[in-house]
Amino acid sequence: MKTKIMLAAAALAAALASPALAGDPTGLWQTPTNGGQVRIAQCGQALCGTLVTSDHIRADPNTLDVHNRDSAQRGRTLRNLPMLTGFTGGPTEWRGGSVYNPADGGTYRGTITMTGDNSLRLRGCIVAPLCKNQTWTRIQ
């Protein structure tokens, strides 16, 4: 009986000591490629994200979106470029959004999943199962 009480107390202490999954993807995130940093925010009822900086932007703040598949969009700068649009859901997963990849100029269907308070998984798909995943780390 004493062992059961001690085990229950230890389990309760561990649960209280470990933070709950915040489920809040808003903030500044580090991407794993090109030194990218993306700010995710609420845009009406959905989540959106803009490219704040990257290795290319740091080298030249006027770097253009030259790979965009829409030639009319190639004159816009990468800084503050909309990359994530239309994600809805929560509290730990958002779906139905689009992910723009400035490296290839493509737009993909996406999912954002919080995997911890300071990490999320971004999944972009041409069509399932043709998908790529990235893990982003919270900066702020």
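FYI, it's all coordinate maths here, none of it is from the lab. Quick caveat, the model's predicted, so the values are computed rather than measured. Ideal geometry is used to build each Cβ from the backbone, glycine not excepted, and the neighbour counts take in all protein chains shown.
The convex hull around the C-alpha trace of the range 72-140, projected and averaged over every direction, spans 5.5 square nanometres. Using 0.36 nm per residue and subtracting the Cα-Cα separation, the extra length available between LEU64 and GLN140 on full extension is 24.7 nm. When only the Cβ of Lys, Arg, Asp and Glu is charged (+1, +1, -1, -1), the dipole of the range 74-133 relative to its Cα centre reaches about 220 debye. Here the Karplus relation 6.51 cos²θ - 1.76 cosθ + 1.60, evaluated at θ = phi - 60°, turns the backbone of the range 121-127 into coupling constants of 10, 9, 10, x, 10, 6, 8 Hz, with x for every Gly and Pro.
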